[in-house]
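The values are calculated or read from the model by the stated rules, or taken from the named source; none is laboratory data. Since the structure is predicted, the reported quantities are computational estimates derived from the model, not experimental observations. Here Cβ is always computed from backbone atoms with ideal geometry, including for glycine, and neighbour counts include all displayed protein chains. Calculation scope for accessible area: heavy atoms of the full protein, side chains included, ligands and nucleic acids excluded. Shrake-Rupley method; radii C 1.70, N 1.55, O 1.52, S 1.80 Å.
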Amino acid sequence: MKKQNRVLVVGSGGREHTLVWKLSQSRVVGEIYCAPGNGGISQFAECVPIKVDDIAGIVDFACEKEIDLVVVGPELPLTLGLVDALEKAGIKAFGPSRKAAEIEGSKAFAKDLLQRHNIPTAHYGVFNDIETARNFAREIKGPWVIKADGLAAGKGVIICLTLEEADSAIEEIMIGSTLGQAGEKIVIEEFLEGEELSILAFCDGKNIVSMVPAQDHKRIYDGDEGPNTGGMGAYTPVPAATPELMAEIDRIILQPVIKAMEKEGRPYRGVLYPGLMLTKEGPKVLEFNCRFGDPETQVVLPRLESDLGEIILAVVDGELDKLNITWKPQACITVVMASGGYPGNYQTGYPIKGLDTVPANDVIVFHSGTRVIDGEIVTAGGRVLSITALGNDLAQARENAYQRVQQIEFEGAQFRSDIANKALKGKNQLTGK
Ligand code: AMP
Ligand code: GLY
């Protein structure tokens, strides 16, 4: 019989609920803990009130509970060296080391890596001082994309339509210190046009295997209007990501990146998630994330046929090439229900009604920001729930998901009503067909 590993998942969002749900079905996973977890996660795992950036606290807890494997959800603990600290304490951990996580932690590092290894990305410059930054902005044509170097919780990218806007964005980030240390260095790059694609890939240091492709919906309102959010919904498969395109992405982006990281002494283990733009000249890298995407995980993992626990152990042990990872041929959609006011200020603590309704087959409600208070599930974050549904095709998955959305209520709830519409209209933004 296979060993039942004791697993600790770090994080508290819809991504972590999905990870815990999938790991609870694994042949090689026994007890599951989650730090700090949320109201939905507590149905599958014992939640422990340790913050994700409390590296010493997480390591101590893992030692005390004799945890066999730690699965890290968010980027912050990865960039702070959680995996290094766990390995030092003799505990297996899934996620990149601090040095490898720099691929997300520093946009300047990521862009320079891409350039050094001839991997397609937007033309760019990296700047520590305003004068040189402004001059560079005058050398490239607009729109201008100004990015803070460090982690900025999704707020680090400003797209500017005029040079005046670009100048004030540069000033705002570098002098106004709107983003603190993250903005001491900036990247300025050309604007890329096309459709965006999220590729999440398992990497064991030498081998990299893409999961099924997904697309996120970053803006708050229908029709991609309004401010950026953490992600308001996602779907898979993506019609634009044909098998030929996926093979090209593997050849010109994924394989070269994993080789580059190994060559530069930062072997990459965990999930690497490049955000891509499908331009007329081919796929180009917008950015790298050093972890699973949220809400992409909510649609990708329900399609995973293989055992997630076995895959994660193979990644940690550098044996990904021994596995054949298989996927369900179905489509999957997730619709995020968010608090009123999000991504700006919002109130929490509102009771959520309709969670007990017995859902149709293939419909799962992942919790993104909830808490249990006196036995009742209440809202506890900007993104509250990720209503997820499988279907034989995207149209059916969408119908299943929105049917479930209609049964759930909380004060001020908002959601997008057009998740996956782009794919369903069958229109490829690139070709217009
Ligand atoms: P990032 O955090 O770098 O992925 O940027 C966040 C979002 O900004 C992306 O998902 C894109 O929608 C947009 N973006 C970033 N870089 C560019 C670019 N060079 N051209 C066009 N859009 C971009
Ligand atoms: N879906 C966006 C992210 O996970 O960063």
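Answer yes or no as to whether Met261 is buried (at least 24 other Cβ atoms within 10 Å of the Cβ), more than 14 Å from ligand 2 (Cβ to nearest atom) and not small (Gly, Ala, Ser). In short, yes.
Conditions tested, residue by residue: (1) open to solvent by 60 Å² or more (accessible area, probe 1.4 Å); (2) polar (S, T, N, Q).
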residue	(1), (2)
Leu82	no, no
Ala93	no, no
Pro96	no, no
Ser106	no, yes
Gln115	yes, yes
His123	yes, no
Glu131	yes, no
Ala137	no, no
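Of the candidates Glu164, Glu171, the single residue that is modelled with pLDDT of 90 or more and open to solvent by 60 Å² or more (accessible area, probe 1.4 Å) is Glu164.
Of all the numbered requirements in (1) at pLDDT below 95; (2) farther than 27 Å from Met277 by Cα; (3) touching a helix residue (DSSP H, G or I) at 6+ places or on another chain (Cβ under 7 Å), Ala89 misses one, and that requirement is (1).
Only residues that are outside any loop (DSSP other than H, G, I, E, B) and either within 16 Å of ligand 2 (Cβ to nearest atom) or surrounded by fewer than 23 Cβ atoms within 10 Å (Cβ to Cβ) (or both) were counted across the stretch 267-282, and they come to 11. Hey, among the residues in the stretch 139-157 that are away from ligand 2 (no atom under 16 Å from the Cβ) and open to solvent by less than 50 Å² (accessible area, probe 1.4 Å), which one's modelled with the lowest pLDDT? Among them, the one singled out is Gly142.
Among residues of the stretch 285-296 that are aliphatic (A, V, I, L, M), those with a Cβ under 6 angstrom from a residue that is near ligand 1 (Cβ under 10 Å from one of its atoms), sequence gap 6+ or separate chain, pair up as Val285/Thr121; Val285/Pro274; Leu286/Gly275; Leu286/Met277.
Counting residues that are open to solvent by less than 50 Å² (accessible area, probe 1.4 Å) and at pLDDT 95 or above, which strands (runs of 3 or more DSSP E) fully inside the stretch 309-388 reach at least 3?
Because the criterion is at least 3 residues that are open to solvent by less than 50 Å² (accessible area, probe 1.4 Å) and at pLDDT 95 or above, the strands (runs of 3 or more DSSP E) in the stretch 309-388 that meet it are 331-338, 363-367, 376-379.
The residues of the stretch 228-239 that are open to solvent by 20 Å² or more (accessible area, probe 1.4 Å), touching a strand residue (DSSP E or B) at 6+ places or on another chain (Cβ under 8 Å) and more than 13 Å from ligand 2 (Cβ to nearest atom) amount to a single one, Pro237.
Looking only at residues that are without any contact (Cβ under 8 Å) to a residue 24 or more places away in the chain and more than 23 Å from the chain's Cα centre (by Cα) in the stretch 50-80, which one is least open to solvent (accessible area, probe 1.4 Å)?
So in the stretch 50-80, the residues without any contact (Cβ under 8 Å) to a residue 24 or more places away in the chain come out as 50-51, 54, 57, 60, 64.
In the following step, the residues that additionally are more than 23 Å from the chain's Cα centre (by Cα) were identified as 57, 60, 64.
Working: Gly57: 18, Asp60: 98, Glu64: 137 Å².
Taking the candidates together, the pick is Gly57.
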